[in-house]
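A.B. asks: I have a structure I would like to understand better, so I am pasting it below and will then ask my questions one at a time.
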Amino acid sequence: LVDGNLGLGLYIGPHCMQMAIDKAKKYGVGFVACRNSTHYGIAGYYATMATDQGCIGFTGTNARPSIAPTFGVEPMMGTNPLVFGLPSTDDFPFVIDCATSVNQRGKIEKYAREGVDTPAGAVIDDQGIERTDTEGILRDMVLGKCALTPVGGAGDKMGGYKGFGWAATVELLCTALQSGPWGEDICGVDRATGKPKPMPLGHFFLAIDIEKICPLDTFKKNTGEFLKALRESKKAPTGPGRIWTAGEPENDARISRTSQGGMKVVAPLQKNMIDLRNSRPGLKEKYPKLPFE
């Protein structure tokens, strides 16, 4: 059990995952729980740390309350990613890193920058109404008047209870072992004043050393063959003509952007970056001209 002392999650996370990997190399399985941390960044990074070292990786983190329980409207759980990573013979590992909600705040902020509505079914307000007004959603989320729906959506017709159960599982693994806070205690803002307050998060990290069970090359071959069969299975006539497995779209994007010398930055985000640079002492001198100016 690691106490992060409210330090930088981007340092605490790699430290904990490497501890889990080192334990796995010695004992076969390594597990590390963490409390009093902060946002640890891309959860899939930690699963990839494990796959790079011949392990199966598993991690999760809680976050500010955003998801309402099935048949509820109050934000009680974070977007709580449940993340797995497995090495393969492919050029990239099989890494599934996704929130346990239909959508997440970052996507809604992206919709706001693009000036488009949030898709129906992703957000519910305190009156039980599904919301699509992006700007209003962002305002009401801060006030606790809107909640994200779990994977499967509101209610149980499309299996929302499944996403609810997974989100609750992650929350428990991030708080029960650690005796850590949850819900309003990690919302990051004083609801009465709107001022920021500490947001002590919990994480967990699990690594399994594959060589303790079977040869790593055998595992990679078995994994690769199955994923190849999935990609080569019959395609939907109305679909894009391709099936992607986890980690593949990200690998495609990496190859494409590397070949282009970088990634596109949309106009609203360009403005945000320019405003940030111009409003902070010393940044204008350090970055007199950004690449897109």
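The values are calculated or read from the model by the stated rules, or taken from the named source; none is laboratory data. Computed from a predicted structure; not experimentally measured. Here the Cβ positions follow ideal geometry from the backbone for every residue, glycine too, while neighbour counts run over all protein chains shown. Heads up: the accessible areas ignore ligands, DNA and RNA and are worked out on the full protein's heavy atoms, side chains in. Shrake-Rupley method; radii C 1.70, N 1.55, O 1.52, S 1.80 Å.
A.B. asks: Could you give the length gained on full extension between Lys264 and Glu184, defined as 0.36 nm per residue of separation minus the Cα-Cα distance, in nm?
C.D. replies: The span from Lys264 to Glu184 would gain 25.1 nm if fully extended.
A.B. asks: Another one. For a quick protection proxy, order the peptides 137-143, 45-51 by their average other-Cβ count within 10 Å, most packed first.
C.D. replies: Peptide ranking by packing, descending: 45-51, 137-143.
A.B. asks: List every residue whose amide H lies under 5 Å from the amide H of Val123, counting only residues 5 or more places away in sequence or on a different chain, with H placed 1.01 Å from N in the peptide plane.
C.D. replies: Amide H neighbours of Val123, under 5 Å, 5+ apart: Arg131, Thr149.
A.B. asks: Could you tell me which of Leu276, Phe292, Ser37 has its Cα farthest along the dipole of the chain towards the positive end, charges placed at Cβ (Lys, Arg +1; Asp, Glu -1), taken about the Cα centre?
C.D. replies: Farthest towards the positive end: Phe292.
A.B. asks: Run the numbers for Val142 and Leu230: contour at 0.36 nm per residue of separation, minus the present Cα-Cα distance, in nm.
C.D. replies: Length difference between fully extended and current span is 27.6 nm.
A.B. asks: Tell me the mean residue ellipticity at 222 nm calculated for the chain from its helices only (DSSP H runs of n ≥ 4, each -39500 (n - 2.57), averaged over every residue, nearest 500).
C.D. replies: -11500 deg cm²/dmol
A.B. asks: Which loop-located trypsin sites (Lys or Arg not before Pro) does the stretch 207-255 contain, where loop means any DSSP state but H, G, I, E or B and the Cβ has at most 13 other Cβ atoms within 10 Å?
C.D. replies: In loop regions of the stretch 207-255 (DSSP not H, G, I, E or B), the sparsely surrounded trypsin sites (Lys or Arg not before Pro) are Lys234, Lys235, Arg242.
A.B. asks: As a test of reading the structure, rank His203, His39 by solvent-accessible area (1.4 Å probe, protein chains only), most first.
C.D. replies: So, going from the largest accessible area down, we get His39, His203.
A.B. asks: In Å², what does the accessible area per residue of the chain work out to with a 1.4 Å probe?
C.D. replies: For the chain, the solvent-accessible area averages 56 Å² per residue.
A.B. asks: Under 28 Å between alpha carbons, and skipping anything fewer than 8 positions from Lys25 in its own chain: which lysines qualify?
C.D. replies: Lys212, Lys220, Lys221
A.B. asks: Ignoring ligands, DNA and RNA, please state the percent of accessible area on the stretch 249-293 from carbon and sulfur, probe 1.4 Å.
C.D. replies: Taking all protein chains in place, the stretch 249-293 shows 60 percent carbon and sulfur surface.
A.B. asks: Would you indicate which of (i) 31, 25, 24; (ii) 26, 24, 18; (iii) 68, 18, 16 is the value of semi-axes √(5λ) of the Cα gyration tensor in Å derived from the coordinates of this structure?
C.D. replies: (i)
A.B. asks: While we're here: Across the stretch 250-265, in residue order, what do the Karplus-derived ³J(HN,Hα) couplings come to in whole Hz, using 6.51 cos²θ - 1.76 cosθ + 1.60 with θ = phi - 60° and x for Gly and Pro?
C.D. replies: For the stretch 250-265, the Karplus curve yields 5, 5, 4, 5, 4, 5, 5, 5, 5, 5, 8, x, x, 10, 6, 10 Hz.
A.B. asks: Given +1 on the Cβ of Lys and Arg, -1 on the Cβ of Asp and Glu, and no further charges, what dipole in debye does the chain carry about its Cα centre, rounded to the nearest 20?
C.D. replies: In debye, rounded to 20, the chain gives about 560.
A.B. asks: How much space per residue, in cubic angstrom, does the convex hull of the C-alpha atoms of the stretch 1-148 take up?
C.D. replies: 136
A.B. asks: In whole Å, what is the distance between the alpha-carbon centres of the stretch 1-24 and the stretch 279-293?
C.D. replies: Centre-to-centre distance over Cα atoms comes out at 33 Å.
A.B. asks: With θ set to phi - 60°, apply the Karplus curve 6.51 cos²θ - 1.76 cosθ + 1.60 along the stretch 63-77 and write out the HN-Hα couplings as whole Hz, x wherever there is a Gly or Pro.
C.D. replies: 7, 3, x, 9, 8, 8, x, 4, 6, x, 10, 8, x, 10, 10
A.B. asks: In debye to the nearest 20, how big a dipole does the stretch 225-293 give about its Cα centre with +1 on each Lys and Arg Cβ and -1 on each Asp and Glu Cβ?
C.D. replies: That gives the stretch 225-293 a dipole magnitude of about 180 debye.
A.B. asks: Collect residues whose amide H, placed 1.01 Å from N in the peptide plane, falls under 5 Å from the amide H of Leu201; neighbours closer than 5 in sequence don't count.
C.D. replies: Here Asn36, Ser37, Thr38 satisfy the definition.
A.B. asks: Further question: Using the Kirkwood radius over Cα pairs, work out the Stokes-Einstein diffusion coefficient for the stretch 72-111 at 4 °C and 1.567 mPa s, in µm²/s as a whole number.
C.D. replies: Estimated diffusion coefficient is 104 µm²/s.
A.B. asks: Still on this structure, please answer the following. Using only the heavy atoms of the protein chains and a 1.4 Å probe, how would Phe71, Phe164, Phe58, Phe226 rank by accessible area, largest first?
C.D. replies: I get Phe71, Phe226, Phe164, Phe58, largest accessible area first.
A.B. asks: Karplus couplings for the stretch 140-149 from phi (6.51 cos²θ - 1.76 cosθ + 1.60, θ = phi - 60°), rounded to Hz, Gly and Pro as x?
C.D. replies: After applying 6.51 cos²θ - 1.76 cosθ + 1.60, I find 6, 5, 5, 7, x, 9, 10, 9, 7, 8 Hz.
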